[in-house]
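Scroll down for the structure; my scribbles are underneath it.
The values are calculated or read from the model by the stated rules, or taken from the named source; none is laboratory data. Being a predicted model, the structure only gives us computed values, none of them experimental. Positions of Cβ are backbone-derived with ideal geometry, glycine not excepted, and every protein chain shown enters the neighbour counts. What goes into the accessible areas is simple: the full protein's heavy atoms, side chains included, and nothing from ligands, DNA or RNA. Shrake-Rupley method; radii C 1.70, N 1.55, O 1.52, S 1.80 Å.
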Number of protein chains: 2
Amino acid sequence: MTGEPTIGDVFGEMIRDAYAVTTGIGPRPLVGGRLPRPVIEIIERDDGLVNGAPAEHYLDPPQRWQPYDHRAVDRVRGQVLDIGVGAGRIALDLQDRGVPVTGLDTSVGALRVSRHRGVRDLVLGTVDEHVADGRRYDTFLLLGNNLGLFEGRERAPALLAALAALARPGAQVIAHGTDPYGTTDPVHTGYHELNRRRGRLGGQLRLRLRYRLLGTEWFDYLVCSVEEFAELVHGSPWRLVDVDDQDHPYYLATLRLA
Amino acid sequence: MTGEPTIGDVFGEMIRDAYAVTTGIGPRPLVGGRLPRPVIEIIERDDGLVNGAPAEHYLDPPQRWQPYDHRAVDRVRGQVLDIGVGAGRIALDLQDRGVPVTGLDTSVGALRVSRHRGVRDLVLGTVDEHVADGRRYDTFLLLGNNLGLFEGRERAPALLAALAALARPGAQVIAHGTDPYGTTDPVHTGYHELNRRRGRLGGQLRLRLRYRLLGTEWFDYLVCSVEEFAELVHGSPWRLVDVDDQDHPYYLATLRLA
């Protein structure tokens, strides 16, 4: 008994339970076999940091979104790929507006919830895998902090290339990021320093998610400044054409196919 | 980088932050250096299970208590030792009623918050350590599920003996427990089975707490049926004289010095 999790669809199980708690559809997690248990997303960082956060925001209707999410969806045009569709909160709103949207996710459980909530066009897989499907898009959404999927200097070029391979002429990427360097908390500034010493970007987080008995493998997730992101994009098929940082430290970066 | 926590005062750090979030006293944990972060208690079990739960209930005023907590404090008499005083929610209420109460805890951080909230008589240490202080009590409270401190067959006799050594004639113990065996969730029923196979009580949980960079050592915490608890008490200086299970699966067990 080491306390180690079993590798599995952490995000899917969590979203299924959050959906059950929010809607009453499906068995809800219980405390003491009786009281409903709030669904908490647990994130471990490789320096031993652990954080928990209520998961219900993944199901939020537009009235409870942050302002930058509204500004992001106002920017879409043409055929949209919602990367990391999750529980479908963004895709559902786009559908309601008559925007053609495809939801992509690597979590079977998340896709099941998205389907149940009414998202019509869903694909299981990574961005790279989706290239072979032959479908092409005008707008790629990386919301819910999913600029993080660029991971760091090693992964970013490949993801930018895969997005270009999926792109129609003039396509755009709208990515939501967070500048991590405003904090004075030594728990974070110390981690940023450690990362730089080991040749990584300061906010190149090494994480795993856990939910109940399940855990993910450790993966990189990028939290970076606009300047760092600009440097990752430099030399790729994409140009950084706009940064909306009205809600600093959060920002929306828009890329256009060069 | 193994993702392993640093051993420290997990509960104290968590309570300090929950107090800051609730009252605005002291620096609050933030998301992205800006938005307040809810304080979540994270509990790992040795089979890899992890659970998160909002920590604010440790600060709850009586209006937000569960009914069994009210019934427990209605039973106290004489000099009270509140074992695991935590953020002081029970001790503060007793003080307000004019009941003489001492709060005992192993967490320096929790005692600091209890002090700040106005608990006057606080002792740092374990029940066993407190025996040497020479103070004696009429009522021992083990609320907030702290019947768990009996741990299992190995620890229970020593804790019952230490309580007896601290007791005045006719003293009582009021312990809040939870019967874990009503669940049909295989995550829990499987763990109970595993525990029995390795010679432990079914609900003898092997846990550690985590908060931010800190973790506790692994420790046993007992969640058991009334029958199992009765068996642990049998042969000790105490008699199980009453069980209040109005809020099943939660119960209040009252012991009296034999």
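About the Cα centre, and with charges only on the beta carbon of Lys, Arg (+1) and Asp, Glu (-1), how big is the dipole of region B:45-116? Nearest 20 debye, please.
Details: 9 positive and 10 negative charges, 49 e Å.
The calculated dipole for region B:45-116 is roughly 240 debye.
Determine the relative contact order of region B:6-257: mean sequence separation of Cα pairs under 8 Å and six or more apart, normalised by residue count, in whole percent.
Details: 488 pairs, mean separation 52.0, N = 252.
The value is 21 percent.
If you add up the charges near A:Ala158, with Lys and Arg at +1 and Asp and Glu at -1, over every other residue whose beta carbon is less than 12 angstrom from its beta carbon, what do you get? Walk me through the numbers on the way to the answer.
Values: positive: A:Arg153, A:Arg155; negative: A:Asp128, A:Glu151, A:Glu154.
Neighbour charge sum, excluding A:Ala158 itself: -1.
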**OP:** Putting +1 on Lys and Arg Cβ atoms and -1 on Asp and Glu Cβ atoms, find which of B:Ala91, B:Gly190, B:Leu122 reaches farthest to the positive end of the dipole of region B:6-257.
**Re:** B:Leu122
**OP:** Would you work out which of B:Ile25, B:Val173, B:Leu143 lies farthest towards the positive end of the dipole of chain B? Charges go on Cβ: Lys and Arg +1, Asp and Glu -1.
**Re:** B:Ile25
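Compute the relative contact order of region A:145-229 as a whole-number percentage, counting only Cα pairs closer than 8 Å that sit 6 or more residues apart in sequence.
On the way: 93 pairs, mean separation 32.1, N = 85.
Relative CO of region A:145-229 lands at 38 percent.
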Original post:
Hey, with R₀ at 30 Å, roughly what FRET efficiency would B:Thr6 and B:Thr189 work out to, going by the Cβ-Cβ distance, to 0.05?
Top reply: 0.30
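How fast does the protein assembly as shown diffuse by Stokes-Einstein, in µm²/s, taking the Kirkwood radius from C-alpha pairs at 10 °C and 1.306 mPa s? Present the calculation step by step, with values, prior to reporting the outcome.
Numbers: Rh = 25.2 Å.
Translational D for this selection: 63 µm²/s.
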Subject >> Positions from region B:1-26 whose accessible area shrinks by 40 Å² or more when the full protein complex is built, not the chain alone, probe 1.4 Å >> reply: B:Met1, B:Gly3
**OP:** Among DSSP beta bridges whose residues both lie in the protein assembly as shown, state the antiparallel percentage, nearest 5.
**Re:** 65 percent
**OP:** At 7 Å along the Cα-to-beta-carbon direction for both B:Ala165 and B:Arg196, put a label point, then send me their distance in nm to one decimal.
**Re:** 3.5 nm
Original post:
Using unit Cβ charges (K, R positive; D, E negative) and no other charged atoms, how large, in debye to the nearest 20, is the dipole of the protein assembly as shown about its Cα centre?
Top reply: 280 debye
Subject >> Axis-proximal residue, chain A, for the rotation superposing A on B (Cβ, Å) >> reply: A:Gly52, 2
Original post:
Given a Förster distance of 60 angstrom, what is the FRET efficiency for A:Val241 paired with B:Thr22, based on the Cβ-Cβ distance and rounded to 0.05?
Top reply: 0.85
**OP:** Would you work out if region B:112-181 is rounded, prolate or oblate? Take a ≥ b ≥ c from the square roots of the eigenvalues of the alpha-carbon gyration tensor; rounded if a/c is under 1.5, else prolate when a/b is larger than b/c, oblate otherwise.
**Re:** oblate
Original post:
For A:Val99 and A:Asp133, FRET efficiency with R0 = 22 Å and r from the beta-carbon atoms, rounded to 0.05?
Top reply: 0.65
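Find, among the trypsin sites (Lys or Arg not before Pro) in region B:65-132, those assigned to loop by DSSP (not H, G, I, E, B) with at most 16 other beta-carbon atoms within 10 angstrom. Can you show the working numbers first?
On the way: sites: B:Arg71, B:Arg75, B:Arg77, B:Arg89, B:Arg97, B:Arg112, B:Arg115, B:Arg117, B:Arg120; in loops: B:Arg75, B:Arg77, B:Arg97, B:Arg120.
Taking region B:65-132 and a limit of 16 other Cβ atoms within 10 Å, the loop trypsin sites (Lys or Arg not before Pro) found are B:Arg75, B:Arg77, B:Arg97, B:Arg120.
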Subject >> Summed residue charge, Cβ within 10 Å of B:Glu228's Cβ, Lys/Arg positive, Asp/Glu negative >> reply: -2
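List the trypsin sites (Lys or Arg not before Pro) within region A:153-258 that DSSP assigns to loop and that have no more than 12 neighbouring Cβ atoms inside 10 Å. List each step's numbers first, then the result.
Numbers: sites: A:Arg153, A:Arg155, A:Arg196, A:Arg197, A:Arg198, A:Arg200, A:Arg206, A:Arg208, A:Arg210, A:Arg212, A:Arg239, A:Arg256; in loops: A:Arg153, A:Arg155, A:Arg198, A:Arg200.
Passing sites in region A:153-258 are A:Arg198.
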Original post:
Hey, any idea what % of region A:1-73's accessible area is carbon plus sulfur with a 1.4 Å probe?
Top reply: 56 percent
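To check you understand DSSP bridge types, tell me what percent of the beta bridges within chain A (both residues inside) are antiparallel, rounded to 5.
On the way: 30 of 47 bridges.
In chain A, DSSP labels about 65 percent of beta bridges as antiparallel.
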Original post:
Just how large is the dipole of chain A about the Cα centre, in debye to the nearest 20, putting +1 at every Lys and Arg Cβ and -1 at every Asp and Glu Cβ?
Top reply: 580 debye
Subject >> Along each principal axis, Cα extent of region B:100-258, largest first, Å >> reply: 45, 45, 29
